[in-house]
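What follows draws every value from the coordinates through simple rules; no lab data is involved. Worth saying up front: this structure is predicted, and the values here are computed from it rather than measured. Neighbour counts are summed over all protein chains in view; Cβ atoms, including those assigned to glycine, are modelled from backbone coordinates with ideal geometry.
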Amino acid sequence: MMGQIASRPLIGGILTMALGLGTGCSHWIELAAPTDTTPSASATVATDARVPLLLETIRVTHNGSSVAPPAILERQVLGAIEATHLFSQHFQSGYMQPAANQTHVTVRLNIDNLIEPHAGQAAWQGLLIGASMFTLAPFISLDYDYGAQMSLEMERWDGQVKRYTATSNGSAHYNLFGANPEVIEQLKGQVTETCLSSLLNQVIQDSSFYLAGSTLSQDRQIRTVSVVVRPSPNRAVPVSRPLANDSLR
């Protein structure tokens with residue numbers, strides 16, 4: 001009986017220590033160093049030379065299997081394009097379309113995602129329960145690797161096409177108490193944003209290719225707009241650090 005009473009403070013101390021360790025630096029995100037070292041591009045274009053853009057398709061695969069693109073991804077892609085100010089209007093397939101005879105640029109985006117949750121994630125799914133979950137939680141490392149390869153096809157009104165590619169990857173690390181779906185979504189959002197920024201930087205370098213001839217008279221002042229890749233204002237920034245290499249484990 002005395003042994004049972006004496007063991008209770010010990011168990012309580014172990015649980016307290018586990019909780020303290022588990023709620024410390026419980027998660028972080030590592031992004032691979034970008035392979036695209038091209039400096040950020042910018043341009044100044046005449047507003048009347050810009051044309052509308054139609055986002056026709058977004059095709060997504062996860063580990064080689066086709067999936068429907070989530071609405072949040074479609075908004076992120078269209079929002080990133082809008083933020084460049086390279087195009088006068090922005091349309092999306094399935095909604096309002098540009099007029100049939102209206103000069104515009106058509107966009108098609110393919111996204112191949114590589115997702116690799118590691119074996120430690122099984123612990124979060126119920127293999128450890130009760131007191132053992134609390135005592136071992138700080139020592140269980142859960143990892144989630146996520147990479148994306150994007151290819152962007154831009155078709156001009158006269159049928160000419162340019163293609164661009166970009167890749168990014170990273171990892172989310174957390175212990176059992178730090179496991180949170182938001183960490184995974186933050187990782188995906190940062191990887192996606194990195195790829196989109198690279199793609200749009202390449203597009204801006206070819207900005208003159210997407211401009212129509214201006215019909216302004218010589219005595220009229222030409223209005224211009226700055227074209228540049230802008231980071232998303234809604235980007236979630238968790239505790240992050242760069243990976244030492246640029247490949248998924």
Calc'd 3J(HN,Hα), region 93-108, phi into Karplus 6.51 cos²θ - 1.76 cosθ + 1.60 (θ = phi - 60°), Hz, glycine/Pro = x, comes to 4, x, 10, 4, 10, x, 4, 4, 9, 8, 5, 7, 10, 9, 10, 10
With label points built 7 Å along Cα→Cβ from the Cα atoms of D158 and V225, find their separation and express it in nm. 2.3 nm
If the label point sits 7 Å along Cα→Cβ of E82, residues of region 95-113 with amide N under 17 Å come out as 95-98, 107
Ranked output for segments 94-104, 147-157 by mean other Cβ atoms within 10 Å, highest leading, reads 147-157, 94-104
